[in-house]
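Notes follow once the structure below has been shown.
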Amino acid sequence: MTIKTEDLLNSILDSLDRITYIKTEDIPNIDLYMDQVTTFMESRLKRTTRNPGEDKILTKTMINNYAKNNLLPPPYKKKYSREHVMLLVFIYYYKGILSINDIQELLEPITNQFFGTKEPFNLETVYETAFGLERGQIDVLKKDITEKFQIAKETFQDAPEDSQEFLQIFSFICMLGFDVYLKKLLIEKMIDSFHDDRRREVRTKEAKAKEGKEQKSE
């Protein structure tokens, strides 16, 4: 027995076709209270959860924790802007694979430079560019998944017949899992590199400031 499958494969590929992100034009053009933010996120991202009837996209506690950990700038008069919502979308996708500290390390430079700016190149530009890559990446991912699936179908040909199907699916999951592991590792290494670069910049600025004070005191 082999993976039955074209049903399994087609189901996976169909689910990828249904993936969408929150476009900037879909985000309300007015500031929102926290309850309105959680309601909006639930309505737009509910389909991305494993158990749509039970899983929460965003809660008040989560938002407060993000602000406490400096992932999210504080609201203005208890209201959140469109840019707050964009950052929350980034956080939502990252939190499944990265630690809070890693997310902060990744988003802090973007928030510092582009949040609330009146310049043409702003957080909305960053958001649209990043998520605009999605469509092409899904096509690449579908091809990669199909290739892995076909490889998995050829494994365990000599296993007991009543175990072949499970073992082939297990092979498929192992390949997908290894791919996720490697990509997570690469992301973490890049974030560590950002962290090291920023620490070097801070030390350089501190050294120059110290040198400047010493020269003035002479």
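The values are calculated or read from the model by the stated rules, or taken from the named source; none is laboratory data. Remember, predicted model here, so these are calculated numbers, not experimental data. With ideal geometry, Cβ positions are generated from the backbone for all residues, glycine too; neighbour counts draw on all protein chains shown. For accessibility, only protein heavy atoms count, side chains too; no ligands or nucleic acids. Shrake-Rupley method; radii C 1.70, N 1.55, O 1.52, S 1.80 Å.
Listed conditions (1) more than 23 Å from Leu16 (Cβ to Cβ); (2) in a helix (DSSP H, G or I) are all met by Phe172, apart from (1).
Pairs meeting the criteria (first residue in region 42-61 and under 25 Å from Lys79 (Cα atoms) and in contact (Cβ under 8 Å) with a residue 40 or more places away in the chain, second residue in a helix (DSSP H, G or I) and open to solvent by 80 Å² or more (accessible area, probe 1.4 Å), beta carbons under 6 Å, at least 6 apart or on different chains) are lacking. Screening region 1-54 for residues that are in contact with a helix residue (DSSP H, G or I) (Cβ under 9 Å, 6 or more places away or on another chain) and among the polar types (S, T, N, Q) and picking the one that is modelled with the highest pLDDT gives Thr38. Residue count for region 8-25, restricted to those that are surrounded by 12 or more Cβ atoms within 10 Å (Cβ to Cβ) and in a helix (DSSP H, G or I): 6.
Of all residues in region 68-105, those satisfying the criterion of being among the hydrophobic types (A, V, I, L, M, F, W, C) and open to solvent by less than 40 Å² (accessible area, probe 1.4 Å) are Leu71, Leu72, Val85, Met86, Leu87, Leu88, Val89, Phe90, Ile91, Leu98, Ile103. Touching a helix residue (DSSP H, G or I) at 6+ places or on another chain (Cβ under 9 Å) and aromatic (Phe, Trp, Tyr), is that true of Tyr66? It is true that Tyr66 is touching a helix residue (DSSP H, G or I) at 6+ places or on another chain (Cβ under 9 Å) and aromatic (Phe, Trp, Tyr). Within region 52-66, being within 27 Å of Ile138 (Cα to Cα) and either charged (D, E, K, R) or open to solvent by 70 Å² or more (accessible area, probe 1.4 Å) (or both) holds for Gly53, Glu54, Asp55, Lys56. Scanning region 154-180 for residues that are of a type in the set (Gly, Ala, Ser) and touching a helix residue (DSSP H, G or I) at 6+ places or on another chain (Cβ under 9 Å) gives Ala159, Ser171. Selection of region 117-130 for residues being surrounded by fewer than 13 Cβ atoms within 10 Å (Cβ to Cβ) and of a type in the set (Asp, Glu) yields only Glu119. For region 106-116, the set of residues classified as open to solvent by 40 Å² or more (accessible area, probe 1.4 Å) and out of contact with any Phe, Trp or Tyr (no Cβ under 9 Å at 6 or more places or on another chain) consists of Glu108, Asn112, Gln113, Phe115, Gly116, listed by residue number. In region 131-163, which residues are surrounded by 15 or more Cβ atoms within 10 Å (Cβ to Cβ) and free of Cβ contacts under 8 Å to residues at least 60 places away in the same chain? Residues satisfying the conditions are Lys148, Thr155, Phe156.
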